[in-house]
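*Asks:* Below is the structure I would like to discuss, written out as C-alpha cells.
The values are calculated or read from the model by the stated rules, or taken from the named source; none is laboratory data. Note that the structure is a prediction, hence the values are computed from the model and not measured. Heads up, the Cβs are rebuilt from the backbone with ideal geometry, glycines too, and the neighbour counts pull from every protein chain shown. Note: accessible area is taken over every heavy atom of the protein model, side chains too, but ligands, DNA and RNA are not part of it. Shrake-Rupley method; radii C 1.70, N 1.55, O 1.52, S 1.80 Å.
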Amino acid sequence: MLFFNETFNGNGRTCGTCHPFTGNFTLNAEDIAALPNDDPLFVAEFNPNLSSNFENPTLMRQFGLIVENLDGFGDLANVFTMRGIPHTLGLRLSIDSRDGPRTGWSGDGAPGDGTLRSFAIGAVIQHFPLSTNRQAGVDFRLPTEDELDAMEAFQLSLGRQEELALPLPLKGVVALRGQEIFNDGALGKCSACHFNAGANANPAILGPGAGNLNFNTGVADLPDQPADLTGELVPPDDGLGSPGDGTFNTPTLVEAADTSPFFHDNSVETIEGAVAFYNSDAFNNSPSGQVLVRATGSGIDLEVTQVIAVAAFLRVINALENIRQSLELLDQSTWIEASKDMRRDLLTQAVHETDDAIMVLTGGGLHPAAVTHLRAALKLTQEVLHKHSKRGALIQQAKAEHEQARGKLIETP
Ligand code: HEC
Ligand code: HEC
C-alpha cells in the first residue's frame with residue numbers, strides 16, 4: 001500500500017510512479033508515452049517550483065532517463081547524472097556483497113547504511129519534494145521506521161526468491177548454445193560477473209561470498225550515446241562514490257530481456273545490442289575488460305551468431321521467469337483472502353507477465369509453439385478478469401497452457 005499509494009506529503013509521486021507493477025516495476029519511454037500529461041511523473045512540466053533542475057522532460061520522454069543527484073544537492077544545475085529506472089525484482093538476490101549492500105546502478109544509491117531499507121529515504125528526498133529546497137517536514141515528510149520496514153519487506157517479496165542453477169536443460173538449440181557461450185570462461189565469460197545469470201560474481205573466480213560486485217565495464221565510454229545526441233546537458237556519470245571510481249553495480253540478467261533499455265544510462269535499446277556491447281572497444285579497453293585480457297589471454301569477441309545465441313538464452317530464461325510469475329499470480333488470485341481489488345491487480349499483473357513472455361520470444365523468433373500456448377493463456381487470463389462465472393475452471397486452463405508453454409522451452413521432470 002505504501003509503495004503504490006503513499007506520497008509522503010510531497011509532489012504526488014509514489015514509488016509506484018516509476019516502479020509500477022504493470023510494467024515489471026520499471027518504466028521505459030514507451031510506458032512513459034502512454035501516461036496522461038498530469039501524471040505525477042511529469043511534475044517538472046506542470047509544477048513551477050520544480051520546473052528547473054528537477055527533471056529533464058526531454059530526456060525523460062525520449063529515453064526514460066531520470067535525474068539523480070548522487071553527489072549531493074549543492075549545484076543542481078551542473079552536478080547530476082541521468083539514469084534509467086531499474087526494476088525492483090529479485091532484490092533478495094541482487095544486493096548483498098562482501099563490501100556491504102549495493103543498491104542503485106552504482107551500488108551507492110542509498111544514503112546512510114546503504115541498505116534497501118534506507119533506499120526509500122533517499123528516493124523520497126530525490127523524487128518526492130514539492131520544491132528543490134528539499135526541506136524535510138516542508139517539501140515532504142520522511143518515512144517512519146515502521147514504513148521503512150514495511151516497504152523493505154514488500155520489495156524483498158518481489159520476483160525471484162531463488163537463483164537459477166545453470167546449466168538448464170533447455171530445448172531450443174540456439175538458446176542452449178547461448179547458455180554454453182555465456183558460461184564458457186574462454187568465450188562469453190559472462191558468468192564470471194553474472195553467475196547463474198544473476199547479479200552475483202562467480203565465487204570460484206571472484207572469491208567465496210563476493211556477492212553483488214561493482215565493475216567499470218566502460219558503458220559510460222560508448223560513443224554516440226542516445227542522450228548525448230540530443231544536445232541536452234548530460235554530465236559524465238562517474239559511478240560509485242563521490243568523486244566516483246567509474247564502477248557500476250552488476251544487474252541481474254534473468255529479469256533483463258523484458259526490461260529494456262539496458263545499462264545505467266539506457267544507452268542500448270535491445271538485448272542483442274546489450275550482449276554485443278561486450279565485443280566493443282569500450283568494453284575490451286575498460287578496466288574490467290583489461291582484467292579479463294590479463295586473466296584469460298583475450299577480451300570478449302563473439303561472432304554475430306553467438307551474440308544472437310546468448311541473447312536467445314537471455315530471452316528464454318526471461319520467458320521462463322514470466323511463466324513462473326504468471327502461474328504464481330494466477331494461484332494467488334484464487335486465495336480466499338484476496339479482495340476483489342487484489343484479485344483484479346494480480347490478474348492484471350499476470351496478463352502483463354504473459355504478454356512479456358510472448359514479446360521476448362517473438363522478438364527473437366523463438367519457440368513459436370510455446371508462443372501459441374502463451375497466447376491461449378493470455379486470452380483465458382483476460383477472460384477471467386472480465387468474467388464472474390467459471391473463474392476457477394478458466395484459471396486451471398490458463399495454468400495448463402502455461403505448463404505446456406514451459407514444456408516447449410525446457411525439459412520438465
Ligand atoms: C521519479 C522516478 C522514481 C521514483 C518516484 C522512485 N524511484 Fe526508485 N529508482 C529510480 C531510478 C532512476 C533509480 C536508479 C537510481 C540510481 O542508480 O542511483 C531507482 C532505483 C531504485 C532501487 C534500486 C534497485 C536496485 O536494483 O538496486 C530501489 C530499491 C528503488 N529505486 C526503490 C524505490 C522506492 C522504495 C521508491 C519510493 C520511496 C522509489 N524507488 C521511487 C526512479 C524512481
Ligand atoms: C566484469 C564483469 C562483467 C562481465 C564479464 C559481464 N558483465 Fe554484464 N554487466 C556488468 C555490469 C557492471 C553491468 C552494469 C553496467 C552499467 O550499467 O554501466 C552489466 C550489465 C549487463 C546487462 C544490462 C542489464 C540491464 O538490466 O540493464 C546485460 C544484458 C549484460 N550485462 C549481459 C552480459 C553478457 C551477455 C555478458 C557476457 C558476454 C556479460 N554481461 C559480461 C558486469 C559484467
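*Asks:* With point charges of +1 on the Cβ of Lys and Arg and -1 on the Cβ of Asp and Glu, referenced to the Cα centre of the chain, which listed residue (105, 267, 319) lies farthest in the positive direction of the dipole?
*Replies:* It is 319, whose Cα lies furthest towards the positive end.
*Asks:* Please give the Cα centre distance for the range 80-154 versus the range 43-77, rounded to the nearest Å.
*Replies:* Here the answer is 17 Å between Cα centres.
*Asks:* A follow-up question, please. Taking only protein heavy atoms into account and a 1.4 Å probe, give the accessible area per residue of the range 2-156 in Å².
*Replies:* Working: 6450 Å² over 155 residues.
Computed with neighbouring chains in place, this is 42 Å² per residue.
*Asks:* Can I ask one more? Mean separation of Cα pairs under 8 Å and 6+ residues apart, divided by the residue count of the range 2-156: what relative contact order is that in percent? Each step should come with its number before you reach the end.
*Replies:* On the way: 221 pairs, mean separation 36.9, N = 155.
Averaging sequence separation for qualifying contacts and normalising by length gives 24 percent for the range 2-156.
*Asks:* Spelling out what I want: for every residue of the range 99-115, take phi, set θ = phi - 60°, compute 6.51 cos²θ - 1.76 cosθ + 1.60 (Karplus), and round to whole Hz; glycine and proline get x.
*Replies:* Residue by residue, the range 99-115 yields 9, x, x, 10, 10, x, 4, 9, x, 10, x, 8, x, x, 7, x, 7 Hz.
*Asks:* Moving on. Specify which residue in the list 192, 349, 298 is farthest towards the positive end of the charge dipole of the chain, using unit charges on the beta carbon of Lys, Arg (+1) and Asp, Glu (-1), about the Cα centre.
*Replies:* Of the candidates, 349 comes out farthest on the positive side.
*Asks:* About the Cα centre of the range 2-156, how large is the charge dipole given +1 on each Lys and Arg Cβ and -1 on each Asp and Glu Cβ? Please answer in debye to the nearest 20. Present the calculation step by step, with values, prior to reporting the outcome.
*Replies:* Working: 9 positive and 20 negative charges, 38 e Å.
I would put it at about 180 debye.
*Asks:* Right, something else. Using label points projected 7 Å from each Cα along Cα→Cβ, tell me how many nm separate residue 389 and residue 146, to one decimal.
*Replies:* The modelled label-to-label distance comes out at 4.5 nm.
*Asks:* Extent of the chain along each principal axis, from alpha carbon coordinates, in Å, largest to smallest?
*Replies:* Ordered largest first, the chain gives principal extents of 61, 57, 39 Å.
*Asks:* Right, next: Work from the charge dipole of the chain (Cβ charges, +1 for Lys and Arg, -1 for Asp and Glu, about the Cα centre) and give the residue of 136, 5, 330 farthest towards its positive end.
*Replies:* Projecting each Cα onto the dipole axis, the largest value belongs to 330.
*Asks:* Can you tell me the accessible area per residue over the range 200-288, all protein chains present, probe 1.4 angstrom, in square angstrom?
*Replies:* Details: 3620 Å² over 89 residues.
On a per-residue basis, the range 200-288 sits at 41 Å².
*Asks:* Continuing with the same structure: Give the calculated FRET efficiency between residue 204 and residue 303 to the nearest 0.05, with a Förster radius of 30 Å applied to their Cβ-Cβ distance.
*Replies:* Details: r = 27 Å, r/R0 = 0.90.
That pair, residue 204 with residue 303, gives E of 0.65.
*Asks:* Sticking with this structure for a sec: Check which residues have an amide H placed less than 5 Å from residue 103's amide H, if you skip close sequence neighbours.
*Replies:* So residue 103 has HN proximity to 108, 109, 110.
*Asks:* Here's something else I'd like to know. Once both labels are modelled 7 Å past Cα along the beta-carbon direction, what's the residue 230-residue 98 spacing in nm?
*Replies:* 4.0 nm
*Asks:* OK, next. Go ahead and run the numbers for FRET between residue 157 and residue 293, Cβ-Cβ distance against an R0 of 30 Å, rounding to 0.05. Write down the numbers at each step before the final one.
*Replies:* Working: r = 41 Å, r/R0 = 1.37.
According to the calculation, E is roughly 0.15.
*Asks:* Return the long-range amide H neighbours of residue 94 (sequence gap of 5 or more, or a different chain), with a cut-off of under 5 Å between placed amide H atoms.
*Replies:* none
*Asks:* Also, I was wondering about something else. Out of all Cα-Cα pairs in the range 2-156, roughly what percent, to the nearest whole number, are more than 21 Å apart?
*Replies:* 43 percent
*Asks:* Please sort 151-164, 33-46 by packing, taking for each peptide the average over its residues of neighbouring beta carbons within 10 angstrom, highest first.
*Replies:* On the way: 151-164: 16.3, 33-46: 14.8.
The densest-packed peptide leads the list: 151-164, 33-46.
*Asks:* In addition: Give, rounded to the nearest 20 debye, the magnitude of the charge dipole that the chain has about its Cα centre when Lys and Arg contribute +1 at Cβ and Asp and Glu contribute -1 at Cβ. It would help to have the intermediate numbers written out before the result.
*Replies:* On the way: 27 positive and 52 negative charges, 286 e Å.
That gives a dipole near 1380 debye.
*Asks:* Residue by residue through the range 224-241, what is 3J(HN,Hα) from phi via Karplus (6.51 cos²θ - 1.76 cosθ + 1.60, θ = phi - 60°)? Round to whole Hz and write x for glycine and proline.
*Replies:* Here the 3J(HN,Hα) series is 6, 5, x, 5, 5, 5, 6, x, 5, 6, 10, x, x, 9, 9, x, 4, x Hz.
*Asks:* Also, quick follow-up: Distance between Cα centroids, the range 262-311 to the range 177-206: provide it in whole Å.
*Replies:* Computed from Cα coordinates, the inter-centre distance equals 13 Å.
*Asks:* In debye, nearest 20, what is the charge dipole magnitude of the range 174-251 about its Cα centre with +1 on Lys and Arg Cβ and -1 on Asp and Glu Cβ, if you could check? Walk me through the numbers before you get to the answer.
*Replies:* Details: 2 positive and 9 negative charges, 95 e Å.
Dipole of the range 174-251, to the nearest 20 debye: 460 debye.
*Asks:* Using the alpha carbons of the range 257-413, what is the convex hull volume per residue in cubic angstrom, as a whole number?
*Replies:* For the range 257-413, the hull spanned by Cα atoms encloses 152 Å³ per residue.
*Asks:* State, to one decimal in nm², a quarter of the convex hull surface area for the C-alpha atoms of the range 124-214, i.e. the direction-averaged projected area. Let's see the in-between values first.
*Replies:* Values: hull surface 38.6 nm².
Result: a mean projected hull area of 9.6 nm².
*Asks:* At residue 221 and residue 21, where each label point lies 7 Å from the Cα along Cα→Cβ, what is the point-to-point distance in nanometres?
*Replies:* So the label points at residue 221 and residue 21 sit 4.4 nm apart.
*Asks:* Here's a follow-up. Where does each of 339-352, 254-267 land if you order them by average Cβ count within 10 Å, highest first?
*Replies:* 254-267, 339-352
*Asks:* Non-local amide H neighbours of residue 239 (under 5 Å, H modeled in plane, Pro and chain starts lacking H): which ones?
*Replies:* Amide H to amide H, under 5 Å and 5 or more residues apart or across chains, residue 239 pairs with 246.
*Asks:* Would you mind putting 285-292, 122-129, 381-388 in packing order, based on average other-beta-carbon counts within 10 Å, highest first? Walk me through the numbers on the way to the answer.
*Replies:* Working: 285-292: 17.4, 122-129: 22.1, 381-388: 15.8.
Averaged packing, sorted descending, gives the order 122-129, 285-292, 381-388.
*Asks:* Between residue 404 and residue 245, what is the FRET efficiency for a Förster distance of 60 Å, r being their Cβ-Cβ separation, to the nearest 0.05? All intermediate terms of the calculation are to be shown ahead of the outcome.
*Replies:* Working: r = 49 Å, r/R0 = 0.81.
FRET efficiency, residue 404 to residue 245: 0.80.
*Asks:* State the extension gain, in nm to one decimal, for the chain segment bounded by residue 53 and residue 379, taking 0.36 nm per residue of separation less the distance between their alpha-carbons. Don't jump to the answer; show the numbers that get you there.
*Replies:* Details: separation 326, 0.36 × 326 = 117.36 nm, distance 4.49 nm.
Stretched out fully, the residue 53 to residue 379 stretch lengthens by 112.9 nm.
*Asks:* Moving on to the next point. Counting only protein heavy atoms and using a 1.4 Å probe, what share of the accessible area of the chain belongs to carbon plus sulfur, as a whole percent?
*Replies:* On the way: 10050 of 18270 Å².
Result for the chain: 55 percent of the exposed heavy-atom area is carbon or sulfur.
*Asks:* Output wanted: per-residue J couplings in Hz (rounded whole) for the range 270-277, from phi through Karplus 6.51 cos²θ - 1.76 cosθ + 1.60, θ = phi - 60°, x for Gly and Pro.
*Replies:* 10, 5, 4, x, 5, 5, 5, 3
*Asks:* Return the calculated 222 nm mean residue ellipticity for the chain, to the nearest 500 deg cm²/dmol, obtained by summing -39500 (n - 2.57) across DSSP H runs with n ≥ 4 and dividing by the residue count.
*Replies:* On the way: 17 runs with 178 residues, N = 413.
Calculated at 222 nm, the ellipticity per residue is -13000 deg cm²/dmol.
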